[in-house]
Structure formats: structure tokens, C-alpha cells
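The values are calculated or read from the model by the stated rules, or taken from the named source; none is laboratory data. The model shown is predicted, which means the values in this text are computed figures rather than measured ones. In this analysis, Cβ positions are derived from the backbone assuming ideal geometry, glycine residues included, and neighbour counts consider all displayed protein chains.
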Amino acid sequence: MISTIIFDFDGTIADTLPFSFKKFLEIAHLLKIDDLTDKEIIKEIRSKSYQELLKGSFKRAWLKIPFVINIVKSMQVELEKEMSNIKFFPGIKKILFDLKKNGYKLAIISSNRIENIDKFIKHNDLDIFDFVHGKTDLFGKAGYLGKFLDDFDLDSSEVIYVGDEIRDVEACKKVGIKIIGVTWGLHTPEALQKAGVDYIVKKPSEVFKIITP
């Protein structure tokens, strides 16, 4: 029986996508990806994992995972200046409060900086989470999910994750946690389904229906 719901932050709760897409395009131009239009680059980003991008459209002999991680970290530092302007995805705030009222424990596990998440929580009077962890490794979320289960003495069957990225799906599958994929975030429904997501939702109210049938 589900007792705890873990949420991703960017692309699931907070609409940081306009900022992220702008930065992704800047990176693409830096890499001189001239064979694709901006629209095509965004389509690539929304349909493929980071590893697939590095082997495909973003492939460069000198471009390695550590470089990508450093880029993402610098993006997150820049994002801190914008956090007071970042909005909720429509309907998600109500669902968070509804789940809390129904007795569920809520958590955030994100690769974003904890400073950014805390700023968003305080700015939006969202102090309803039992656990918030930021700055997970870009490709190491499974380890943090496993540690979360151990620290709170939870079985994977008691937890469900809500996220928007392929790497969220991959991490959850490694530790046996079911995942709800949201269509309003980074990756497309098709990409999430291909990765093996357990559920797909088009609006936040559907998250509530899955968790509280």
C-alpha cells in the first residue's frame, strides 16, 4: 500500500522548462549543431536520454559526461536568480495539498540544487514535504532512491515516484519503485513509455486518482 510519494522537482512541480530549453539551445549553438533548427533540437532533447543525445545529435569527440554535468551545475546556479519567477505547473499545487490532507508523506528528490528548491518552497508557502533532497548526481538518482528507502525503512511497494524524465524511469526501475510519468515535463509520453514508465498522466488530477483509487 502506498504511503509515500516522491516527486521530481523540475518539469514535474516547477515549470523551469523555458529556462532549461533556452540554455539547451545556447549549448547546441556552442557545439555548432548547425544541421538542426532550434525546433528540431528541442524535439531531440524531449525524445532522447542524455546518453542518447551524446551518441547522436550532440556527439562531439571532446564532449564527455563530466562536461555535461558541469554545464548542468552552472545552469542551476543561474537558475537561482530566477526562482522567484518560476511558476507551478497548472493544478499541481492543489494535488500536493490534497495528497498531504489524505495522510500521504511527500518527498522531493531532485538533481537541482537544494537552495533552488528551498527558495521555491518558501516563496510559494509549500512547506508540506517530509523530506527534500537536492543536488543528486545527474546520472545517480537510483542510489539516492535506494538510500531513501533504507533511511525511512520503506519497502519499494510503499513508495511511488512522480517524474518527467527518462532517467527518472531508469532510476526507479533499478530500485523497484513504480513511477508515474507526467506529460507536461521534459520528455514526451512516447519517450517515457519506451523507457518503461508504469503510468502516464496528462494532468495532475490523474496522479491523485492513481494513488488514491
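Report whether or not Asp15 is touching a helix residue (DSSP H, G or I) at 6+ places or on another chain (Cβ under 8 Å) and modelled with pLDDT of 90 or more. No.
Inside region 146-166, residues that are under 22 Å from Leu186 (Cβ atoms) and of a type in the set (Asp, Glu) make up a count of 2. Could you tell me whether Leu126 is under 21 Å from Gln76 (Cα atoms), more than 15 Å from the chain's Cα centre (by Cα) and outside the structural domain of Ile41 (by TED's automatic domain parsing)? The answer is yes for Leu126. Can you find, within region 3-46, the residue that is nearest to Val182 (Cα to Cα) among those that are β-branched (Val, Ile, Thr) and touching a residue at least 60 places away in the same chain (Cβ under 8 Å)? Across region 3-46, the extreme among qualifying residues is Thr12. Selection of first residues in region 194-213 that are of a type in the set (Gly, Ala, Ser) and of second residues that are modelled with pLDDT under 95 and not in a helix (DSSP H, G or I), restricted to Cβ pairs under 9 Å at least 6 apart or on distinct chains, gives the following pairs, ordered by first then second residue: Ala195/Ser49. If the condition is being part of a helix (DSSP H, G or I) and at pLDDT 95 or above, then region 82-109 contributes Ile92, Lys93, Lys94, Ile95, Leu96, Phe97, Asp98, Leu99, Lys100, Lys101. Of the residues making up region 181-213, those that are out of contact with any strand residue (DSSP E or B) (no Cβ under 7 Å at 6 or more places or on another chain), on the phi < 0 side of the Ramachandran plot and not aliphatic (A, V, I, L, M) number 15.
Can you say whether Lys100 is among the basic types (Lys, Arg), surrounded by fewer than 18 Cβ atoms within 10 Å (Cβ to Cβ) and without any contact (Cβ under 8 Å) to a residue 60 or more places away in the chain, as far as the supplied structure shows? Yes; evaluated as a whole, the condition is true for this residue.
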